[in-house]
Each structure stands twice: as structure tokens, then as C-alpha cells.
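Peer 1: Sending over a structure as C-alpha cells; questions will come in a sec.
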Amino acid sequence: MKFFKGLILMMFLGASVLMAKPTVYILATGGTIAGSADNALTGSYKSGAVNVDALISAVPQINEIANIKGEQIANIGSQAMNNETWLTLAKRANELLKQKDVAGIVVTHGTDTMEETAYFLNLVVKSDKPIVLVGAMRASTSMSADGPLNIYNAVNVAMDKASVGKGVLVVMNDEIHAAREVTKTITTAVNTFKSPNTGKIGTVNYGIVNYYMNSTRKHTKNSEFSINNISALPRVDIIFGHSEDTPDFVKTAVEKGAKGIVLAGVGNGNPYPSVEEALAEAAKAGVVVVRTSRTGSGSTSVGAEVDDAKLGFVTGDNLNAAKARVLLMVALTKTNDKDKIQKLYKEY
Ligand code: ASP
């Protein structure tokens, strides 16, 4: 009799372990996904008007699949994203993912700078567990708001075992993108997120997750960067190249104390002649200068039309200027040796 009672107890415990729902944290930062308007058919709304509890209660289905916990990190339009919020978010993600019971994290975020935050977290969060950024192109009060299904999909991706070790992910419009690759490509459309150089890595359809590719670059757990003891990031400015350009912005960046400058150059990362001269002077003075392209895809080749070795420039591989800036800020917390930084652009 005792034996049977024990057996039944073990079966009960085993079943409840199997049935236990994974814990997923939703860290909310604002954006259109938390936006609200007076009317369902307007493109003008206030970003970051709805809090994390309201976001969660708009998608009750996520409570059926996961033990959902919400925290408000910020409530801003992501055009106002800043280093302080990045550091708070990354440190909180590091803490939470260390907890055994936490399966993954979903970060709700505005879409304007989502790619920068995603790549920053990809470089500094020390865990293999999934971190998924999600947003919306339509405010929560819009007709056909895209936020609720995006959140449902993001939670499914965050709790899926197949997402472990893939680095930080962005889930929007039924697609899964790697943080390093993804960029916003259309101002207002729901299919705005693309990975121009590599394509999406997976899909998520009403919660069903499928992966097709892995990123080959270092990220999260195997990243050498850590922000645990860092309370500020160095200033890095982006200079956007064009015809009849002026060196004034490079000079101002240096005067204002930039430790790095990223050029979003024309074509293969090319600067206007007077800009090239100003950048070479900046490099000589110890500012790390990284060339990228304003074209939106492709890699900026070393020494093609610009003599990088002679002028002291680094190239940003195929990162866009915004992401090359993120890597440079993080890299500068460790070194300002340009050869070492050039190597990092090949690894991350
Ligand atoms: N400006 C908004 C933001 O980035 C746009 C959005 O979320 O779609 O917060």
C-alpha cells in the first residue's frame, strides 16, 4: 500500500513538473506598442502611454502558456532611448536570467531604435537564455493593432528551447530576426523590419516557432564585453556623408569630446575629400574613426577607395552606422587600439 501511495505521489510530482509553466519576464520600455490615441484611425498618438500591466492584460492568452511577470523599465518613445536606460535594462536582464526559474525575457520597445537596443543587449548580456525585443507599428488603440499578436509571438519565442543560444532576437510581423542583422526599413508599415544582409532567421506563426538559420557572430554568453561595473558609455557620433559635404561636423564632434566617430559614407563608406582630411586628423588625435555605408546593405571594404592603413581608419564590416556606433561604444569601454577594434568588427 505504502509503495503504491509513493508511486502515485511521484507520478503527481513528475506530472506537475512537466506541466509547470515557464516564467517569462516582460520588461517594458514604451514605444508605439504602448501608444494610445483617441481614435482607431489616426496615425497620431502618444508613445509610451500604456503601462506594462495593461500590455499584459491586453493579451490574456500569454498567461495560459507562461508564468508572466512584468516590470516597467521606462515608458518612452524609443527616439528618446539613452545609455542610462540601456545600462539599467542590460543589468536587470543579467540579474533575471541568472535566476533558475526564468526561461527568457521579452522587452517591449519602440521600433525606431529597437535595432540599437537589441544589438547592445546582444553584446553585453551574459546568458544563453532568450531575450526577445518586440514592438508594434500601430498604437494599442488602432484598428488592427499589431502589438497583441506580436507580444503573443514574442512570449512563445522567449520560452521556446530552440531560441536558446541564438543571441538577442527581434520578433515583429511573424518574423524572427537576429539582433546584429535587423533594421527598420520602412517608416510606418508593419513589415518594416528586415535583415538586409542575411535575411530573417526564423518565423513565428500564432506562436509556432520555426528557425532556419543561426548567426555566426559572437554574442551574449560568448561575448567578451561586460557592463557590470560600467555606469556610463563613451560618446560616439555618427556623421552622414553627402555631396558638397563639410568637415565642420567632424571638427565639432572632436571638439565636443567624441571618443569615436562613425562615418555613414556614400557608396563603399566613402567620405567627401575635406571630410576625409578631417577624419584623418581626428584619427591622428586618438579618436577612433569607423567607416560604414549609408547604402543600407553590403560590407564596407578595407582600403578600396580609401587608404585606411595610411589614414588610420577602421571599417565597420557590414554593420549599418547605428550598429557600428553601438559596437564602438562598447568596444571603447575595453580598448581604443584601432587594430583590436578592427578585429572586433569581424567577430561581433
Ligand atoms: N516612435 C516610436 C518609438 O520608436 C515608433 C514605434 O514604436 O513604432 O517609440
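Peer 1: Do we find that residue 38 is surrounded by fewer than 17 Cβ atoms within 10 Å (Cβ to Cβ), at pLDDT below 95 and more than 16 Å from the ligand (Cβ to nearest atom) in this structure?
Peer 2: Details: surrounded by fewer than 17 Cβ atoms within 10 Å (Cβ to Cβ): yes; at pLDDT below 95: yes; more than 16 Å from the ligand (Cβ to nearest atom): yes.
Taking the combined requirement at face value, the residue satisfies it.
Peer 1: Residue check: is residue 155 in contact with a helix residue (DSSP H, G or I) (Cβ under 7 Å, 6 or more places away or on another chain), more than 16 Å from the ligand (Cβ to nearest atom), of a type in the set (Val, Ile, Thr) and under 25 Å from residue 347 (Cα atoms)? Steps first, answer last, please.
Peer 2: Details: in contact with a helix residue (DSSP H, G or I) (Cβ under 7 Å, 6 or more places away or on another chain): yes; more than 16 Å from the ligand (Cβ to nearest atom): yes; of a type in the set (Val, Ile, Thr): yes; under 25 Å from residue 347 (Cα atoms): no.
Spelling it out, it is not the case that residue 155 is in contact with a helix residue (DSSP H, G or I) (Cβ under 7 Å, 6 or more places away or on another chain), more than 16 Å from the ligand (Cβ to nearest atom), of a type in the set (Val, Ile, Thr) and under 25 Å from residue 347 (Cα atoms).
Peer 1: Okay, moving on. Of all residues in the stretch 64-112, count the ones that are of a type in the set (A, V, I, L, M), within 12 Å of the ligand (Cβ to nearest atom) and outside any loop (DSSP other than H, G, I, E, B). Full working, then the answer.
Peer 2: Quick first cut of the stretch 64-112, residues of a type in the set (A, V, I, L, M) only: 65-66, 68, 73-74, 76, 80-81, 87, 89-90, 93, 96-97, 102-103, 105-107.
Still in the list and also within 12 Å of the ligand (Cβ to nearest atom): 74, 76, 80-81.
Filter once more, so that each one left must be outside any loop (DSSP other than H, G, I, E, B): 74, 76, 80.
Summing the residues that are of a type in the set (A, V, I, L, M), within 12 Å of the ligand (Cβ to nearest atom) and outside any loop (DSSP other than H, G, I, E, B) in the stretch 64-112 gives 3.
Peer 1: Filter the stretch 87-139 down to the residues that are of a type in the set (Ser, Thr, Tyr) and farther than 19 Å from residue 327 by Cα, then identify the one that is surrounded by the most Cβ atoms within 10 Å (Cβ to Cβ).
Peer 2: From the stretch 87-139, those of a type in the set (Ser, Thr, Tyr) are 88, 108, 111, 113, 117, 119, 127; that's our starting set.
Within this subset, residues satisfying the condition of being farther than 19 Å from residue 327 by Cα are 108, 111.
On the way: 108: 31, 111: 25.
Checked the stretch 87-139; the qualifying residue surrounded by the most Cβ atoms within 10 Å (Cβ to Cβ) is 108.
Peer 1: Can you pull out the residues in the stretch 266-296 that are β-branched (Val, Ile, Thr) and in contact with a Pro (Cβ under 9 Å, 6 or more places away or on another chain)? Give the steps one after another, and end with the answer.
Peer 2: Our first condition is that a residue be β-branched (Val, Ile, Thr); within the stretch 266-296, this holds for 266, 275, 287-290, 292, 295.
275 - this is the single residue of the stretch 266-296 that is β-branched (Val, Ile, Thr) and in contact with a Pro (Cβ under 9 Å, 6 or more places away or on another chain).
Peer 1: Can you pull out the residues in the stretch 321-348 that are assigned to a loop (DSSP other than H, G, I, E, B) and under 20 Å from residue 220 (Cα atoms)?
Peer 2: If the condition is that a residue be assigned to a loop (DSSP other than H, G, I, E, B) and under 20 Å from residue 220 (Cα atoms), then 332, 333, 334, 335, 348 are the ones that fit.
Peer 1: In the stretch 308-335, what residues are surrounded by fewer than 18 Cβ atoms within 10 Å (Cβ to Cβ) and in contact with a Ser or Thr (Cβ under 7 Å, 6 or more places away or on another chain)?
Peer 2: Those that are surrounded by fewer than 18 Cβ atoms within 10 Å (Cβ to Cβ) and in contact with a Ser or Thr (Cβ under 7 Å, 6 or more places away or on another chain): none in the stretch 308-335.
Peer 1: Among the residues of the stretch 191-209, is any under 27 Å from residue 298 (Cβ atoms), more than 18 Å from the chain's Cα centre (by Cα) and outside any loop (DSSP other than H, G, I, E, B)? Full working, then the answer.
Peer 2: The first filter runs over the stretch 191-209 and keeps only residues under 27 Å from residue 298 (Cβ atoms), leaving 191-203.
Filter once more, keeping what is more than 18 Å from the chain's Cα centre (by Cα): none.
The answer is no; no qualifying residue exists.
The values are calculated or read from the model by the stated rules, or taken from the named source; none is laboratory data. Small disclaimer: the values here were computed from a predicted structure and weren't measured. Here Cβ is always computed from backbone atoms with ideal geometry, including for glycine, and neighbour counts include all displayed protein chains.
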